[in-house]
Amino acid sequence: MKRALTIALLATLLGILLFGLTDLFPPAEVRPWAEMARAYGAGNGVASIVLGSRLYDTLLEVLVFALAMVGVRYTLKPLGKWREPVVPERGVVREMADVLLPVIIVFAVYLAASGHLGPGGGFPAGAIAGSGLLLLAMAKGIERLSRELHEGTLEPLEYGTITVLLVLGCLSILLNHRGSGLLVAFNLLIGIEVTIGAWVVLHYFASHRGEI
Amino acid sequence: MAAQIGTVLGIGLVFLGFGALLLRRSLIWKLLGLNVASSGAIVFLVALSHRPGAVPPLSGYPEGTPSADPLPQALVLTAIVIHFATLALSLAYAISLTERFHTQETERIEAASEEEMER
Amino acid sequence: MTAALLGVLGYFGFGIICFLIPRARFLSALALVCGTISFAIWAPGFPRGHLGLGDWAIPWEGDALAAAFWGLSLFLHAVLLLEEVGKPRHFYALLTLLFGTVLSLVLSRDLFNLYISLELTSLIAFLLVGLEGRAAQVWASLKYLILTSCGMILYLLGVGFIYARAGSLSLPALSAMPPDTAIRLGVGLLLAGAAAKGGVFLYAQWLPTAHGYAPSSVSAVLSGLVVKMGIVAMARIAGAYGAGDVLVALGLITGFLGIYHAFWEKRIKVFLAYSTMSQLGYMLLGFGWGAWEGALAYAVAHGLFKPLLFLAAGRAEDEAGTHLIQRLAGKLMLSTRLGLGLGTVAIAGLPPLAGYAAKGLLFLNLPPWGKWALFALSVGTAASFSKLLPTIVRGRKGWKPTWGQFTLGLVVVGGGVALCIGKASLLAPSSLISGLGAIAAGYVVFHLLRKLPLRPPHWRLDESLLALFLAGCALLFWVLLH
Amino acid sequence: MTVLLLAVLAFALAAVALTRRRLLWGVAVLGVHSLVLAALYFALSAPDVALAEAAIGFGLVTFVYLLAIRRTGRIAVAAVECRPLLYPEGEEVVGLVWELLELLAARTHRELELRWVERGEVEGLLSSREADLAAGDLVPSARETAFPRVPLLPTRIVRVRRGNGPWGAISGSREAERLPRGGRLFPRRGELLEALERGELGGAVVNLLELRSFYLRGTFRDAEIEPLEDADFVVLFAPDEGELAEALREIMTELREKGEWEELLRRYL
């Protein structure tokens, strides 16, 4: 009964939405963006919007990301640590991890720094750096790396990055200051913030004792 | 044509995701459904940015070639991050709840948490 | 514009730093000072402008609505700083960021900026609800998260429909569009999504548990301010597009169903949460019928007496060691009972308190049958709150008022009196009689109905989701066919 | 054309992922789905979004999910090895109890994580919650009856006597509690058996399945057997795992009703 009702309901929703599509095409003209991108010193239309004309949205988005990570931290912390995760015995994996780490970092920095010219930007760069870091950490033994990247130092760095980003962003909006240097700075800051966020969260998910 | 296909796919994914959200009983599966539904909304927006024969919104293409609309793509970049953030938070909540009640069935979790509140 | 943005920036900046520094309450107070100065500078001029360059920039505009909510949130911030001493620093940090987001949201005139601001407000709300980490709170928070995420997916689809037709995300551009199918559908989706955030009945069945189980100072902000952000978004969208009748319909639904549930609810904070849902009906009716002044006055008034009720209810639970209304009677201190009592008579509309004045303002600008609907809602509110009377009347003598409750109570009385003096028609005999009549009728109705064996349904996650989709589909049909 | 192909693929993958029974498969297929979506975005001339989807939608989301499943989706089993009930065969684990545990995992949407332990470790593992349940060669000792338990098979504790010498039993077990004074304890069954074969022991306190394994090895042809008490092989659960125990009880009832239980017994015993 409930199943049938649910499916009927969703089918209705699907029908309405598909009906709406019939009237949707062709969409409105694309507004010329090249001028605006040039004004911000960007070669990438998307980057010029994300970091330029709609920078304020991006600042709020960074806050959303940071706060969700804060939430994850406060939710998982009371659960306590998981017992020492298994570390692979073979040295090859560990050595590969040592070689891969700089490659991943360089790639992430490249993505962040060239985000205003081509595809890329701070968020994907941070995601790649953060998850790469954790993968390697798992290969090397997570406890070792998390001792080195201590939360006591990461937390001020994270909040500091956000504060700098907020102040810089709002000032650039207010003073109408533009330029590709600013975009690179934003992307790098966002990259740092997302890297820290992703690392901390993945690390929490990996090492905190949840169920069982 | 590509844009139409994309929009239909987006709406289809929303449908699938909501279906899983409503019909599955396990919490983690519900969250997986929510994830699919939100990726559907993203596909929908990306498809709307496309124009026939369009190139990516990057400079360096010859003058006069039609380009895709950068704005929906910019929105989508934001939306992807937001969806990830809420997903991570909800998974953390799910872990914390399963830790306490040792089940993932939403009905049982709900009943158990009501019971806990009465105490 | 500059001043407003700097005020918001101050809130965000101090909020983030609160995470790091032990004296978080002090920093939060600095943010409040920052916001107040900024408010004093921008409010007189109602500035308008764009954040950014070119066609894609985010339009910002100050108006009466923004000013009202700035005033309310600055005041509530001050109250909470007075009320909550010695909480962990992330509590103050989240609170500051929450108020900052609210300040930014009410100024925004851009669909996507509204989306992100709504996400940010509710994200902070999830964290605040689950902050103490009791399982029921975590579950309430997760339910809140799942339901509002569904709403936001609908909202995002709506943004897509609107943008594809209008080529712009700004609300002024939306109002210039011819109402074809895609635009109608888009507006419907946006309204449904915002309703899921805004605590409208059927769309937001997360509200009773989230507001009922959260720590009481958090419930106070959530009920007083945060759910209204969804209503603000709905008012802005419907105002730009001209979909007032949808708001009226939603207002009637949430008003009466909320009262129906509140009437039979036994737990005090959940009862207050259902009452919040019904109170949102007044605001929706006001916005829907274009009585913005009255709707705003009611939003502010509700933002004053509902936090008072929640704070007093939190104290009451602590003092009596139970959350069942029946068992509270006889166990509460005089100060707590005074807070509860003042909130109750204010929400029931006793002249000349804030509730009465705001209802009166709303009443003036409604069409005739709207007046009857409003009167019926007032009777229902008074009836559902009648069950708090024994709790308020009987009790212990102790006297331990808190500063937050004291300030709120003072403003509920003072603001109401000031409004009544300012608007002479509120003190006309006919208004007074209808105000007192509603309370009396409510008390009679309470005694007539309370023995009825009606029990409203219990909204679990699956039912809530079904309700959301059902009501969403209904709304889409309505918008398409109108 | 590419777009159509990718769209159909993405939809099919999502549909497959959401209808799986095993969470791990669902997440894995959804990861592939995300990659296909990234390709689709690329085909729709949105390289920025494609990159973000690959890094976040595929990378981070899948990663977080896998880690979350690792946390929530496991039942940690402390397994006491015992041929026909629960024993390793090559890389695999097999046995009557294993089949039951797999049913339990499917019903509770969780994965099994097995850890071979010695009989004497069971109590400690369960009370420290390091294991959610213990199974295998498990007749609960007096102290272990405090844990929630589900009886599986009736058995009997017997004394077998072959010659002169001290008695032996496996430490921490019910049998060890019935050991006469001066008896010797062994951590594993294999060691007990070897001691018997070397003639260091005159007899042992065992349950019927152990007795059976002794017979199969031909050690006990001419022994005299004295029954001591009736008991049950059980699955023991950690103190707060009443839910899991309830689920297993339901499974057992269903199996008995459908007659599949007899079939299982015939297959393994």
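A short reminder: the numbers here are calculations on the coordinates, not readings from a lab. Note that this is a predicted model, so its numbers are computed, not measured. Positions of Cβ are generated from backbone atoms using ideal geometry, with glycine treated the same way; all protein chains shown enter the neighbour counts.
Results, tabulated for the structure shown:
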{"quantity": "Nearest-0.05 FRET efficiency for A:H150 and A:L100, computed from C-beta distance (R0 25 Å)", "calculated": "0.65"}
{"quantity": "Solvent-free Debye scattering, log10 I(q)/I(0), computed from the Cα coordinates of the range B:1-100 at q = 0.10, 0.17, 0.20 Å⁻¹", "calculated": "-0.38, -0.80, -0.97"}
{"quantity": "Separation of the C:I21 and D:N164 label points, Cα + 7 Å toward Cβ, nm", "calculated": "8.8 nm"}
{"quantity": "Computed log₁₀ I(q)/I(0) - Debye formula, equal Cα scatterers, no solvent, the range C:88-171, q 0.11, 0.13, 0.15 Å⁻¹", "calculated": "-0.37, -0.50, -0.64"}
{"quantity": "Calculated FRET efficiency for the pair B:E63/C:F46, C-beta based, R₀ 41 Å, to 0.05", "calculated": "0.45"}
{"quantity": "The range D:2-72 - Kirkwood radius from inverse mean 1/r over Cα pairs (Å)", "calculated": "12.3 Å"}
{"quantity": "Cα principal axis extents for the protein assembly as shown, largest first, Å", "calculated": "110, 81, 55"}
{"quantity": "Folded to 0 to 90 degrees: helix D:208-217 orientation relative to chain D principal axis, Cα", "calculated": "80 degrees"}
{"quantity": "Dipole-positive endmost among A:G115, A:S48, A:G71 within the range A:34-207 (Cβ charges, Cα centre)", "calculated": "A:G71"}
{"quantity": "Ratio Rg/Rh [Cα only; Rh per Kirkwood] for the range C:1-109", "calculated": "1.01"}
{"quantity": "Label-point gap, in nm, between D:L269 and D:E102 - each point 7 angstrom along Cα→Cβ", "calculated": "2.0 nm"}
{"quantity": "Burial ordering of C:Y241, C:Y443, fewest other beta-carbon atoms within 10 Å first", "calculated": "C:Y443, C:Y241"}
{"quantity": "Within the range D:55-69: backbone nitrogen closer than 17 Å to the A:Y110 label point (7 Å, Cα to C-beta)", "calculated": "D:55"}
{"quantity": "Cα shape, chain D, gyration tensor, a/c 1.5 rule", "calculated": "prolate"}
{"quantity": "D (Stokes-Einstein, µm²/s), Kirkwood Cα radius, chain A, 1.306 mPa s at 10 °C", "calculated": "79 µm²/s"}
{"quantity": "Rounded FRET efficiency, nearest 0.05, which uses the C-beta distance separating D:V32 from B:M1 and R0 of 25 Å", "calculated": "0.50"}
{"quantity": "Long-range amide H partners of C:H50 with built H, under 5 Å", "calculated": "C:W60"}
{"quantity": "Spatially near lysine pairs across the range C:258-391, Cα under 26 Å, sequence gap of 8 or more or different chains", "calculated": "15"}
{"quantity": "Fluctuation leader among D:R83, D:R256, D:R149 - chain D, Gaussian network, Cα springs under 10 angstrom", "calculated": "D:R256"}
{"quantity": "Exposure proxy ranking, count of Cβ atoms within 10 Å, fewest first, for A:C170, C:C18", "calculated": "A:C170, C:C18"}
{"quantity": "Cα-Cα separations in the range C:243-450 greater than 29 Å, expressed as whole percent", "calculated": "20 percent"}
{"quantity": "Stretch gain in nm, segment C:L324-C:W369, where the contour uses 0.36 nm per residue and the Cα spacing is subtracted", "calculated": "12.5 nm"}
{"quantity": "Likely footprinting exposure, C:W289, A:W33, fewest C-beta neighbours within 10 Å first", "calculated": "C:W289, A:W33"}
{"quantity": "Dipole of chain D, positive end: most advanced residue of D:V206, D:L96, D:L30 [Cβ charges, Cα centre]", "calculated": "D:V206"}
{"quantity": "For the range C:94-157 and the range C:35-91, distance of Cα centres in Å", "calculated": "17 Å"}
{"quantity": "Among D:L192, D:L101, D:L138, residue whose mean-square fluctuation peaks in a GNM of chain D (springs only between Cα atoms under 10 Å)", "calculated": "D:L192"}
{"quantity": "Rounded Å value of the spacing that divides the Cα centres of the range D:73-111 and the range B:1-50", "calculated": "36 Å"}
{"quantity": "Degrees separating the helix B:70-101 axis from the principal Cα axis of chain B, which is the longest one", "calculated": "10 degrees"}
{"quantity": "Amide hydrogen neighbours beyond the local backbone of D:A231, cut-off 5 Å, H modeled", "calculated": "D:T155, D:R156, D:I157"}
{"quantity": "Per-residue ³J(HN,Hα) for the range D:2-13, Karplus 6.51 cos²θ - 1.76 cosθ + 1.60, θ = phi - 60°, Hz, x for Gly and Pro", "calculated": "4, 4, 4, 4, 5, 5, 4, 4, 4, 5, 4, 4"}
{"quantity": "Rounded if a/c under 1.5, otherwise prolate or oblate - chain C, Cα gyration tensor axes", "calculated": "rounded"}
{"quantity": "Chain D: angle of helix D:96-107 to the longest principal axis, Cα-based, in degrees nearest 10", "calculated": "30 degrees"}
{"quantity": "Per-residue ³J(HN,Hα) for the range B:32-37, Karplus 6.51 cos²θ - 1.76 cosθ + 1.60, θ = phi - 60°, Hz, x for Gly and Pro", "calculated": "5, x, 4, 4, 5, 4"}
{"quantity": "5 angstrom amide H check on B:S67, placed H, neighbours 5+ away", "calculated": "B:V55"}
{"quantity": "Cα centroid of the range A:1-24 to Cα centroid of the range B:74-118, whole Å", "calculated": "27 Å"}
{"quantity": "Label-point separation in nm, A:R38 to D:R20, each point 7 Å along Cα→Cβ", "calculated": "5.0 nm"}
